[in-house]
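Worksheet: one structure, shown below.
The values are calculated or read from the model by the stated rules, or taken from the named source; none is laboratory data. Values in this document were obtained by computation on a predicted structure and should not be read as measured data. Positions of Cβ are backbone-derived with ideal geometry, glycine not excepted, and every protein chain shown enters the neighbour counts. These accessible areas exclude ligands, DNA and RNA; they are computed on the full protein's heavy atoms, side chains included. Shrake-Rupley method; radii C 1.70, N 1.55, O 1.52, S 1.80 Å.
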Amino acid sequence: MAHRVTGVLIFFFLFVHVLDTALVRVSPEAYDTVVATYKSPIVAVLEYGLVAAILFHALNGLRVIAVDFWAKGARYQKQMLWTVVGIWIVLMLGAIYPVLGHAAREVFGS
């Protein structure tokens, strides 16, 4: 279920990304305004959520491939899921500063 949800969220992000990038041909000023709003701390939190969705979707996709193509995959799917969750948590902890550092400095001062 989570794999499908993250897939849909990533799809909607890509849809919005294509739209806002296409805006540069219609009105460069409007594009600059939209891009300026992306520098807010709220958007930084949304970016962290995007990183979370992409990482989980990618790691869980590898697990799904292993379940489908490895003869013993179905037997070990629960252990592989917990491995994916563990790796995901470690990577998300590592992504806190690179993704949210600028927002924290903006909100709390540097």
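Here segment 42-78 is the region considered, the condition is being farther than 21 Å from His102 by Cα and small (Gly, Ala, Ser), and the residue that is most open to solvent (accessible area, probe 1.4 Å) is Ala71. Checking each residue in segment 9-30 for being under 14 Å from Asn60 (Cβ atoms) and either open to solvent by 70 Å² or more (accessible area, probe 1.4 Å) or not in a helix (DSSP H, G or I) (or both) picks out only Leu9.
Listed by first and then second residue, the pairs with beta-carbon distance under 9 Å, at least 6 apart or on different chains, first residue in segment 80-94 and without any contact (Cβ under 8 Å) to a residue 24 or more places away in the chain, second outside any helix (DSSP H, G or I), are Met80/Gly73.
Would you mind stating whether Ile96 is out of contact with any Phe, Trp or Tyr (no Cβ under 7 Å at 6 or more places or on another chain), open to solvent by 100 Å² or more (accessible area, probe 1.4 Å) and β-branched (Val, Ile, Thr)?
On the way: out of contact with any Phe, Trp or Tyr (no Cβ under 7 Å at 6 or more places or on another chain): yes; open to solvent by 100 Å² or more (accessible area, probe 1.4 Å): no; β-branched (Val, Ile, Thr): yes.
Judged against the criteria, Ile96 is not a match.
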